[in-house]
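Contents: one structure, followed by commentary.
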Amino acid sequence: MIAPRRFLPSISALLAFEAVARLGSATAAAQELSLTQSAISRQLKTLEAQLGVALLARQGRQLSLTQAGRAYVAQVRDILNRLAQASVSVRANPSGGSLNLAILPAFGMHWLAPRLRDFARAHPEVTVNLSTRLRPFTIAESPFDAAIHFGHEDWPGVHYLSLMPETVVPVCAPDLLAAPLTDPRQMLDQPLLHLETRPKGWARWLAALGVETEPPVGMVFDQFSTMAQAAIHGLGVALLPTFFAEPYLRDGQLMLASGQTTQSIGNYYLVWPEARSESGALRAFRTWLATQSAPAGV
């Protein structure tokens, strides 16, 4: 629901305020916006009167932001940038739209990207823009329409579409082992590679197979891709999601260190902000993504 009109300043007033805040004077703002100085001054007075708050402190011809003005201009800039981006998007793709999606690198590269051609064929009017994010962020304050999330339903202020659980399998270079291990306890004698965001990954894999012990320490990596490369070069055994390991197993760069798979600590989700209305592009993508399924195994 859009706020009452009395709380919605005009675009011209916001542009005048942003320019003055950035340039420090009504004269410079007037030159930039091709207006008169008096027109800029009227816009500023109207804006302050509408808000009932002083946004600028006047010292002669110089204008400086008040504390309220500093807080307000940051939000104004974000709103104006979003409006400009929306206008560019609709101009570039008038019959559809763009979808800005934050992805996790492993899932995006090995699970989502191979399927996107199918979405593009079904929805040529939608442009999907992908950007990698590894750390938590506030989606409502970001430029993203949606994101891929791994873990649990613990991201506040979002809707969830569950995609799949993460199943992991141990893999290593073909010359590290003569054959896949049949007893999970034998894994304790191998150099184990660890993922920074899954510090208990090996302990959970062992516990699921009846081995209640702390695994040996080993090299730690921040991404599956670098850990996979370390495994390829014989540095140890890595626990990789099955969708990530499959191409390396298929081309012989890696082999199964054990045929026993286990569930990881969470699920993959598509999430999108509750506070924003759902665009047609997001609706089309969400509906399509719900029809996709992960490979059954390696």
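Observations on the model:
- Ordering Val169, Ala54, Thr262 by Cα displacement along the dipole of the chain toward the positive end leaves Ala54 in first place; charges were set at the Cβ atoms of Lys, Arg (+1) and Asp, Glu (-1).
- The Cα-based radius of gyration and maximum Cα-Cα distance (Dmax) for the chain are 26.5, 83 Å.
- Considering only Arg117, Arg61, Arg250, the Gaussian network model of the chain with Cα springs below 10 Å gives its largest mean-square fluctuation to Arg61.
- Relative contact order computed over the chain (Cα-Cα under 8 Å; 6+ residues apart), in percent: 20 percent
Read-outs: derived from the displayed coordinates by stated rules, not from any lab. Everything quoted here is computed from the prediction, not taken from an experiment. Methodologically, a virtual Cβ is constructed for each residue, glycine included, from the backbone with ideal geometry; neighbour enumeration extends over all protein chains shown.
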